[in-house]
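Have a look at the structure below before the remarks.
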Amino acid sequence: MLTPRFFALSFLCPALFLVGAFFPAFTPIALVYGIGIIILAWLDRRSAGKADQFTVTREHDEKLSLGVQNKITVTITSRANHALEFSMRDEPPTLFTAPRHPQPGTLAPRLPISLVYYARPPRRGDFAFGNINLRWTGPLRLYTRQAVFPASRSVKVYPNLHEIKKYDLLVRRDQLVEMGLRNVRLRGEGTTFESLRDYTTDDPYRSINWKATARRGKPISTDYEPERSQRVVIALDVGRMMRSPIRITSPASDDEDTIEQFDMTKVDFVINSVLLFSYVATLKGDQVGLLVFADQVQQFIAPQAGRAHFQQLLEAMYALESQPVEADYSRALNYLHAHSKKRSLVVLFTDISGARASDMLLAHLPRLAPRHVPLLVTIRDPALDEQAKQSLEESSSVYRRAVAEQLLDERRLLLDNLAQRNVFTLDVDAQHLSMAVVNRYLQLKAKVLV
């Protein structure tokens, strides 16, 4: 493919022929010039080389994470004897939010270059990358060659595994507060002995170990930690209301200041949160179970401990699909009541839109107490909060604000009624859901489950 530079130089040829019409001496010059340009373009095409001089590979995580930026790296190596200017365009899955424009660069001989971009999958499931397209020019930049490098590859999108990697890293650094986890360790709570330490003014008197105090001649406190091997059952609503999307504004990548908006369904936000929550509970030594329901109970995984069981939960959440039917809380909670006899923290993830759903929750969720500790987790839509706060400039905005305020009032009333009936509640927006759930779990584990 001839370049704009070739055509720009070629325009001089007809100009010379035009001058030759008045000054015949210019005609042979124009002819030689035109032939010379064609020969240079042919030589440039030959110098550019063929596609087999390149090695092109794509690298990314074996399992991509839902709703976050996944790093994709394309590495190109040239065996040419001179530097080459090029542009690369990858073919990420169509639904992914990813750059589609070519990425330029310069290839030095036998020195690999890595081009990085980020792709955000909007949902879980099986996807496929396409081929990698490469264009490069000859030394004179008169001719551009193009080739398609076969790189088709299927890829699986799982719930957000990035949060787990980040959690593990911050645990090793003792920096979990950077992730938004506040009450990771509550001194003095729990019943299992952990260690002795010097007494501080913030410690309750009941934490003083009087025998150790007498031996050491100074006040000594006992640290307790929450008991391990407690039971946690996650009840996940995958009914119709959980299919609705939520629009999120987020940085386009880890290295850029640009902002992008994307939509993700409520159930996918919840599954991301459930994944991190179940991972933290597994590390704490607790037994974690999963109940998935819509109008029927679709799946029940009995609570167990250990990393192998967490992998079973991960595979189950990868395959979950929401259903276009109303959730039946009575059927799900009755099933749980019959199949989970031991005391457990029951965490129900759902959406509470509608009077029917509210009435069913009020009728059935409090029945879990006092055998179990029920916690209702609902995901807030930021668009509803924005509508409730918008300025009243026209009649339509007055109507939208009134409806939004009514829905929020009904939501608060339901949560208050549940709280009065010994049901813990957590109502949080999508972007802060994961950390809020883990924080509440750690609080309840230390104070309520023991």
Relative contact order (%) - the chain, alpha-carbon pairs under 8 angstrom, separation at least six: 12 percent
Kirkwood Rh, angstrom, region 51-158 [1 / mean 1/r, Cα pairs]: 14.6 Å
Pair-distance profile P(r), taking every C-alpha pair of the chain, with 20 angstrom steps and integer %: 19, 39, 24, 13, 5, 1
Additional length obtainable on full extension of the chain from residue 262 to residue 421, 0.36 nm per residue less Cα span: 53.5 nm
Estimated D of region 231-447 in µm² per second, where Rh is the Kirkwood radius over Cα pairs and Stokes-Einstein applies at 4 °C, 1.567 mPa s: 71 µm²/s
Region 231-447: relative contact order as a whole-number percent, Cα under 8 Å and 6+ apart: 23 percent
Calculated [θ] (222 nm, deg cm²/dmol) that DSSP helices of n ≥ 4 give over the chain, each run adding -39,500 (n - 2.57): -11000 deg cm²/dmol
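Nothing charged except the Cβ atoms of Lys and Arg (+1) and of Asp and Glu (-1): what's the magnitude of the dipole of region 231-447 about its Cα centre? Round to the nearest 20 debye. Could the numbers behind the result be given before it?
Numbers: 24 positive and 27 negative charges, 333 e Å.
Result for region 231-447 is approximately 1600 debye, rounded to the nearest 20.
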Förster radius 30 Å - calculated FRET efficiency between residue 321 and residue 75, Cβ distance, rounded to 0.05: 0.25
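Taking R0 as 60 Å, what's the FRET efficiency between residue 55 and residue 18 from their Cβ-Cβ distance, rounded to 0.05?
0.80
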Computed over region 51-158: relative contact order in percent, which uses C-alpha pairs under 8 Å that are six or more apart: 32 percent
Charge dipole magnitude, Cβ of K and R +1, D and E -1 - region 51-158, Cα centre, debye nearest 20: 140 debye
Which of 300, 11 has the fewest Cβ neighbours within 10 Å, and the rest in rising order: 11, 300
Relative packing of 207-216, 239-248, which averages over residues the other C-beta atoms within 10 Å, highest first: 239-248, 207-216
Gyration tensor (alpha-carbon) shape descriptor, region 4-48, a/c threshold 1.5: oblate
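Taken together, the values in this text are just the output of simple stated rules run on the coordinates, not laboratory data. Model, not experiment: these values are computed from the prediction. Note: ideal-geometry Cβ built from the backbone for every residue, glycine included; neighbour counts use all protein chains shown.
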